[in-house]
Structure formats: C-alpha cells, structure tokens
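The values are calculated or read from the model by the stated rules, or taken from the named source; none is laboratory data. All values derive from a computational prediction rather than experimental measurement. We place every Cβ from the backbone using ideal geometry, glycine too, and count neighbours over all the protein chains shown.
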Amino acid sequence: MLVHGSEDFPDETAIQKVLPVGRELLLRVNPSSGYCTQAVRQVDPRFRQCVFQSEMKLKYFPVYSETNCITECRMDYTIHYCNCSHFYYHDTGETLMAVSRLLTTSVNTHTLD
C-alpha cells in the first residue's frame, strides 16, 4: 500500500506499508496544512524557495506538486538518455522501455545532480 497525495504520482517518497495476507491493517493519517497571504506572491520564488501551483506548469501532470515535479525530472532524464519511458509513467509519447533494455540501461547508470 502506498500513501500519497491524491494529485501526486506514487513513487518511493510515498509512505509504504506491507499488507500481510489475511491480516487487517489500521492506518491513521494526520494531515497538515499550511497557508500564506497574497503578499508572499510578491517575493521572488528564488528567495521564498517554493512556487504556487499557478506559477509552474508541468508537461505530464495536470497539477503541480514537488513530488510530481521530481517525477517529471526523472521522466525527462530517462527519455533523454534512453529515448524511452517506463511503463508506469504517464504517457509521454515515447517508446515504452522493454525489460531487456531496462537491464542494459541499468548497467549504464547516470546520476541526477
């Protein structure tokens, strides 16, 4: 089971819980919320170190979130180096990555800096 925001792509940053067969799992979620005034929009995003959803448009996701932004960077990175996309990503218009190619690609890994 992965617990993540309803608009976020589920990835390794999501909370993960293993559900044993034949067992019940109770999970309590304590959401947190933040807000700011309109005056914050006047501060340059480089100084406030965040963006509002209306300030950033993503290519593959309809809603901006930090998780979706990071996922999109990973998608673009994979497309750039492999000219393909993992099957579990949103449709990027690229060829889906075959298992044989995934094994070959994993040998030639690059790091995101």
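Quick grid of which residues meet (1) surrounded by 12 or more Cβ atoms within 10 Å (Cβ to Cβ); (2) touching a residue at least 24 places away in the same chain (Cβ under 8 Å):
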{"position": "R28", "(1), (2)": "no, no"}
{"position": "T37", "(1), (2)": "no, no"}
{"position": "V43", "(1), (2)": "yes, no"}
{"position": "R46", "(1), (2)": "no, no"}
{"position": "V51", "(1), (2)": "yes, no"}
{"position": "L58", "(1), (2)": "yes, no"}
{"position": "N68", "(1), (2)": "yes, yes"}
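Inclusion of T71 among residues that are closer than 18 Å to F9 by Cα, polar (S, T, N, Q) and modelled with pLDDT of 85 or more is warranted.
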